[in-house]
Amino acid sequence: MLAADHRKVAQWHLRQAELHEASGEYKCGCPMGSENARIIKIVESGKIDEENECSLLDK
């Protein structure tokens with residue numbers, strides 16, 4: 001993905017979070033999935049490194 005693509009996806013996710021919080025609904029129908037669970041762990045660790053190769057894909 002291009003950097004601009006990552007920003008668009010992140011922007012969509014942030015807006016969804018804002019809309020869910022504003023309506024009092026703190027979750028949506030999106031499945032957690034292994035990719036999202038791994039991203040959450042990375043973010044919570046406080047160590048987000050640049051990737052040149054996707055490490056999120058199940059191998």
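Side notes on the structure shown:
- Meets criteria (surrounded by 10 or more Cβ atoms within 10 Å (Cβ to Cβ), free of Cβ contacts under 8 Å to residues at least 60 places away in the same chain and not in a helix (DSSP H, G or I)) for Leu14: no
- Residue that is farthest from the chain's Cα centre (by Cα), among those in the range 18-59 that are more than 16 Å from His6 (Cα to Cα) and of a type in the set (S, T, N, Q): Ser23
- Within the range 17-49, being in a loop (DSSP other than H, G, I, E, B) and at pLDDT 85 or above holds for Gly46, Lys47, Ile48, Asp49.
- Residues satisfying the stated conditions in the range 38-51, i.e. loosely packed, with under 10 Cβ neighbours inside 10 Å and of a type outside the set (S, T, N, Q): Lys41, Glu44, Gly46, Lys47, Ile48, Asp49, Glu50, Glu51
- Criterion (surrounded by 10 or more Cβ atoms within 10 Å (Cβ to Cβ) and within 19 Å of Leu57 (Cβ to Cβ)) met by exactly one of His20, His6: His6
The values are calculated or read from the model by the stated rules, or taken from the named source; none is laboratory data. Please read all numbers here as calculations on a predicted model, not as lab measurements. For neighbour counting, all protein chains shown are included, and Cβ atoms are generated from backbone atoms with ideal geometry for every residue, glycine included.
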